[in-house]
Amino acid sequence: MDPAPERVKPALWMSRPVPGQHGRTRRFREGGMEDDDLPRPKPRRVAELKLDTLGVAELEDYVAELRAEIARVESEIGRKRGHRSAADAVFGRR
């Protein structure tokens, strides 16, 4: 006996044009609606840590680690600004 043919799943997303707005669409999913033009939230670069499971000493260590990372990032920002100002001095700012 032949196996039953697989059923094709319907598409979860359907796009429809928004009347009167050229090129803009709305996406529909499972009865809900999402606007393609809405800004999406930025991804987090630092994982969120469960603070309620940490003791005071661990929290202080965590704050020290974060401050060290902030200092590293600020140093990199300063380095890049220096490169930018040197390039602007040579090529002129446009």
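Coordinate-derived values only; no laboratory data. These numbers were taken from a predicted model, which means no experiment stands behind them. As a convention, Cβ positions derive from the backbone with ideal geometry for all residues, glycine included, and neighbour counts pool all protein chains shown.
What the Cβ-Cβ distance of residue 44 and residue 68 gives, at R0 = 25 Å and to the nearest 0.05, is a FRET efficiency of 0.85.
Here's how it looks for residue 54: its modeled amide H is under 5 Å from none belonging to a residue 5 or more places away or on a different chain.
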